[in-house]
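The values are calculated or read from the model by the stated rules, or taken from the named source; none is laboratory data. Source: prediction; values computed, not measured. So basically every Cβ, Gly included, is an ideal-geometry build from the backbone, and we count neighbours across all protein chains shown. The protein model used for the area step is the full one, side chains on, heavy atoms only, and it has no ligands, DNA or RNA in it. Shrake-Rupley method; radii C 1.70, N 1.55, O 1.52, S 1.80 Å.
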Amino acid sequence: MANTITIKRRIGSIKSTRQITKAMQLVAASRMRKAQEAAQRSRPYGEMASALLTRLAQITEIEASQLFVRREVKARLLVVVTSDRGLAGAYNSNILRAYVGELKKDQAAKVKTYTICVGQKAAQFVARIKETEVVGVYKNLPTDLHVNDLAPIMRTAIDLFVEEKIDAVDVIYTHYYSTIRQEPKLHTLLPAGFTTTEVPADLKLASFEPSVEEVLESTTRRLLEAQLWQDVLESVASEQSMRMVAMKNATDNANELVEDYTLEYNNARQGKITQELAEITGGAEALKD
């Protein structure tokens, strides 16, 4: 029969773990709300930035800006957005799986791959891979993320593209749909002017002052930064949502284990009492004889 002391220790250990997972669940829930609000609040701006870049590419000669030039892709930069910490369910594994898929595509097409890692988990994973060259690692981004915090990433990507060391820049991030739905996405940053983006009717009628070329020159970089910023905000919202759900599941599992071990403890304790009573009764009967 199971030792009641051992079972009691297990129950105490599980309760301690449950306190930790419950606290992490509450912290993640608080951060999740803020991250969700930030991602949803800036989403219309990000969508309009993409539409504006597409419209600018449609009404001017793309040769006017090096950032719009389309070349045969012989080298590509992948910006991989993960978290700095684990305990977020399948958040990091989903992104890294998508990243490996893109590496295989590049390898099959004989395209050289460069990587910028955003987050500790991406940096740890990419360090073990030979099929790519790491050009930047960015960890511990501020909780209150501002677009300027991502300027070094965008500057590196633009410099490599302008110098023609790379021919495309793609971001692998997690798009936030809801608390229970987040999906890895591939978003093309460069070359600018996204052919798949739908341009609103009112934007097609807009005029640009002082000229399309000057607007193109002065706003392209800022609009690209807005695109990257939105991708990271979506990823942060997804991370906190998945961490909250993972910690809730861990807390629920701990509750079930406590109930199971409590039942086992009570059965073991009752069995021990029954055995002692049987021994006492047997001893009393032996004395009568």
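Which value in Å does the Kirkwood hydrodynamic radius of the stretch 7-86 take, with 1/r averaged over all unlike C-alpha pairs and then inverted? Final number for the Kirkwood radius of the stretch 7-86 is 18.1 Å.
The order of the peptides 148-154, 48-54 by mean Cβ neighbours within 10 Å, most packed first, is 48-54, 148-154. For TYR114, the residues whose modelled amide H falls within less than 5 Å of its own, excluding neighbours fewer than 5 places apart on the same chain, are ARG76, LEU77, LEU78, GLU133. Between GLY136, GLY89, GLY12, the residue with the greatest mean-square fluctuation in the GNM of the chain (Cα pairs under 10 Å linked by springs) is GLY12. Round to a whole angstrom and tell me the spacing of the C-alpha centers of the stretch 1-51 and the stretch 153-175. The stretch 1-51 and the stretch 153-175 have Cα centres separated by 33 Å. Taking 20 Å as the limit for the C-alpha separation, the pairs LYS34/LYS121; LYS110/LYS185; LYS112/LYS165; LYS110/LYS130; LYS121/LYS248 exceed it in the case of LYS34/LYS121; LYS110/LYS185; LYS121/LYS248. Ligands, DNA and RNA are left out, and with a 1.4 angstrom probe the accessible area of the chain is 56 Å² per residue. Find the relative contact order for the chain and round it to a whole percent, using C-alpha pairs within less than 8 Å whose residues are 6+ positions apart. Dividing the mean separation by the residue count of the chain yields 32 percent. What shape does the stretch 41-115 have by the C-alpha gyration tensor, where a ≥ b ≥ c are the square roots of the eigenvalues, rounded means a/c under 1.5, and otherwise prolate means a/b greater than b/c and oblate the rest? Oblate is the answer for the stretch 41-115, as a/c is 1.5 or above yet b/c matches or exceeds a/b. Oblate is the label for the stretch 93-162, because the ratio a/c of its alpha-carbon gyration tensor axes (a ≥ b ≥ c) is 1.5 or higher and a/b is not greater than b/c.
Roughly speaking, to the nearest percent, how much of the chain's 1.4 Å accessible area is carbon and sulfur? Each step should come with its number before you reach the end.
Details: 8360 of 16150 Å².
On the chain, the fraction of accessible area on carbon and sulfur atoms equals 52 percent.
At R0 = 41 Å, how high is the FRET efficiency between ALA151 and LEU263 if r is their beta carbon distance? Nearest 0.05 is fine.
Details: r = 58 Å, r/R0 = 1.41.
Calculated transfer efficiency: 0.10.
Computed over the chain, the range of Cα coordinates on each principal axis works out to 114, 41, 27 Å, biggest value leading.
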